[in-house]
Each structure stands twice: as C-alpha cells, then as structure tokens.
Ligand code: ATR
C-alpha cells in the first residue's frame, strides 16, 4: 500500500471541543513541515465502534481517544500494547497498513517523561503519595510501579476506590483515608495530585504540606491553571514542582511519531503555544 502524501489523524471524544490536541499536533506538523491534518472528532458513545472502523476507510493514520471512550476503545482494537492491556484503556489508535487497529496507552509514558524533562536526573522514589483514584490516577500508578516506586500511598475521598486499586495493582499500593493525606506525606519523594481540585472553577486542594520533605517533587496533573494552589504552596516552601502540561505534551509524542514519522520535540515554544489556548478565567 502506498502511503498517502497527506496524512490525517484526530482526537475522538465526547465532547472534544476543549481538547488541546489539535493545537499541539498542528504545531508539530508546521514545525516539521509535514503535509497533514489533525482534527477534533466529536463521536457519541453509540457511534464509537463505527467511527473507529471508519478510520481505515477514511485513510486516517490513526486517532487519539479521550473521555469518555478510552475503556470502550480497548475492547474494539485488533491488538493492544502491554500498557493498554494492563489498564484496559486506550488513548492512541494506530491504523496499520492492512487496516487493522492497534491500541496503545501513552498516558503513563507522558507522565514519566514530563517528570524526566522537568527534573534532570529524576529517578523513581522509594515512597510516593498519589491523591485521587480516577482514570488518571490508574495510569500514573501503573507508570510509577513500572518505574520502580517501592511504596505508593493512595489517598482518595472515596476510600473504596483506593482499595480497588490496591486489589488491582498489588501490595505496593497502600490505600489511605482521605483524612490521613497530610500524614502520608512523611518520607515521600513524590506527591501527585490527580484529583480535579485546584482546576479552574474548582476549590483548591486542601492539604497541609508540613510533613512533606522539601526535596520531594510535587506534581499536579491539573494544567489549567498551570500553577495550581498546590504547586504555588509547594514551590513557596522550596519543593521542586512539575505542572500538568508536561504530561499532556509528552503523551502526544508517541502518537505523532507513529502517524507522522517524527519523534517530536517538546519545546518552550510549544508550551507557550498551548498555554495561550488555555482559558484565562
Ligand atoms: P479522572 O478519570 O480524570 O481521574 P475521575 O474519575 O472523575 O477523573 O476522578 C476524579 C478524582 O478527583 C477522584 O479521585 C475524586 O474522588 P472520588 O473518587 O471520591 O470521587 C477526586 N475528587 C473530586 N472532587 C473531589 C473533592 N471535592 N475532594 C477530594 N477529591 C475529589
């Protein structure tokens, strides 16, 4: 099969208008002079199977998949990589040359790469605390366990969800009551907020950082605002901080590489372009 000159990809979500991915991939297409397009593809859940199968028919190189489709997409692929299989969730679909669909999950890669990019020489700490137990937390837990974190303390408002993740990921995950989150910071080398607290329109995450070692990295996956109240408080007491935009930018690299043939750079100019698309309210 000949590769078409003009290559297409997009992001499938419902809704999808808020996605930064079109701006991100457009930036890279322009930077590398690639003739192609990356489109927002609003697809209602009932239409997901037809939309995914339609990618090959339309000549798409593939698509990203976002909320609420990541789990269902995993059941509709011809093959999954190890991460997508472990998580039961796909964020990257690649249309192979025979039209079959490969599903991958690059969220964990994006998280680890954003830490590595922001903190030179970053290595997995012995102890980490994760706040929240939703879909984002699952990818981050999986990535941190694979990166070699020894103990992962997991505090969630709804304790049962943290217990479920312990059952899924094993004994290195230590579920905690939400009220014990401040104490869980003692001896930590990494704190990650995966809850929605601190996002524009949401109250700040309430947490007393007194027990957190000053050398501990503090990471928020919220990227709007870029500096959440948590990151501001952590930076003020001297902790190294990593904002949530890096995860978004780095998770996109394997997608761009698979579809367009270049492992793209996450540059300051790219960050500035995406920050400019964030609502200011
Ligand atoms: P995602 O898939 O993006 O991680 P999610 O599954 O909706 O989103 O998870 C959001 C996380 O934020 C959950 O851990 C949620 O806690 P619950 O499991 O108790 O719902 C957490 N969260 C949302 N609002 C919160 C609040 N007011 N205080 C503390 N945690 C909150």
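The values are calculated or read from the model by the stated rules, or taken from the named source; none is laboratory data. Only a predicted model underlies this, so the values are computations on that prediction, with no experimental measurement involved. Because the Cβ atoms are built from the backbone with ideal geometry, glycine has one as well, and the counts that use them run over all protein chains shown.
Out of the range 207-230, which residues are assigned to a helix (DSSP H, G or I) and surrounded by fewer than 23 Cβ atoms within 10 Å (Cβ to Cβ)? So that I can check it myself, show each step before the final result.
Here is the first cut: in the range 207-230, the ones assigned to a helix (DSSP H, G or I) are 229-230.
The one that is assigned to a helix (DSSP H, G or I) and surrounded by fewer than 23 Cβ atoms within 10 Å (Cβ to Cβ): 229.
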| request: Those residues that are under 24 Å from residue 85 (Cβ atoms), more than 10 Å from the ligand (Cβ to nearest atom) and surrounded by 16 or more Cβ atoms within 10 Å (Cβ to Cβ), I need them from the range 128-162; list them, please. | output: 128, 141, 142, 143, 144, 145, 147, 149, 152
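Here is a list: 167, 204, 171. Which entry is within 11 Å of the ligand (Cβ to nearest atom), more than 21 Å from residue 115 (Cβ to Cβ) and surrounded by fewer than 19 Cβ atoms within 10 Å (Cβ to Cβ)? Full working, then the answer.
Numbers: 167 fails: within 11 Å of the ligand (Cβ to nearest atom); 171 fails: within 11 Å of the ligand (Cβ to nearest atom).
Residue meeting the stated conditions: 204.
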| field | Candidate set: the range 179-201, residues that are within 13 Å of the ligand (Cβ to nearest atom) and buried (at least 16 other Cβ atoms within 10 Å of the Cβ); chosen: the one farthest from residue 232 (Cα to Cα) | value | 181
| said: Testing residue 119 on (1) within 15 Å of the ligand (Cβ to nearest atom); (2) modelled with pLDDT of 95 or more; (3) under 19 Å from the mean Cα position of the chain (by Cα), one condition comes back false. Which one is that? | reply: (1)
| note | Result of the Cβ filter at 7 Å on the range 27-56, keeping first residues that are touching a residue at least 40 places away in the same chain (Cβ under 8 Å) and partners that are exposed (fewer than 13 other Cβ atoms within 10 Å of the Cβ) and outside any helix (DSSP H, G or I), at least 6 apart or interchain, is 36/6; 56/99
| Residue check for residue 87: over 16 Å from residue 259 (Cβ atoms) and either surrounded by 14 or more Cβ atoms within 10 Å (Cβ to Cβ) or free of Cβ contacts under 8 Å to residues at least 24 places away in the same chain (or both) | yes
| task | For residues that are farther than 17 Å from residue 220 by Cβ and in contact with a strand residue (DSSP E or B) (Cβ under 9 Å, 6 or more places away or on another chain), tally how many sit in the range 237-281. | result | 8
| Across the range 170-195, what is the number of residues that are over 15 Å from residue 141 (Cβ atoms) and free of Cβ contacts under 8 Å to residues at least 60 places away in the same chain? | 9
| So which residues in the range 244-269 are part of a loop (DSSP other than H, G, I, E, B) and touching a helix residue (DSSP H, G or I) at 6+ places or on another chain (Cβ under 6 Å), if there are any at all? | 252, 263, 264, 266
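Restricting attention to the range 270-281, which residues are part of a helix (DSSP H, G or I) and surrounded by fewer than 11 Cβ atoms within 10 Å (Cβ to Cβ)?
Of the range 270-281, the ones part of a helix (DSSP H, G or I) are 270-277.
Of everything in the range 270-281, those that are part of a helix (DSSP H, G or I) and surrounded by fewer than 11 Cβ atoms within 10 Å (Cβ to Cβ) turn out to be 272, 276.
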| request: Using the structure shown, decide if residue 76 is crowded, with 17+ Cβ neighbours inside 10 Å, in contact with a strand residue (DSSP E or B) (Cβ under 8 Å, 6 or more places away or on another chain) and assigned to a helix (DSSP H, G or I). | output: no
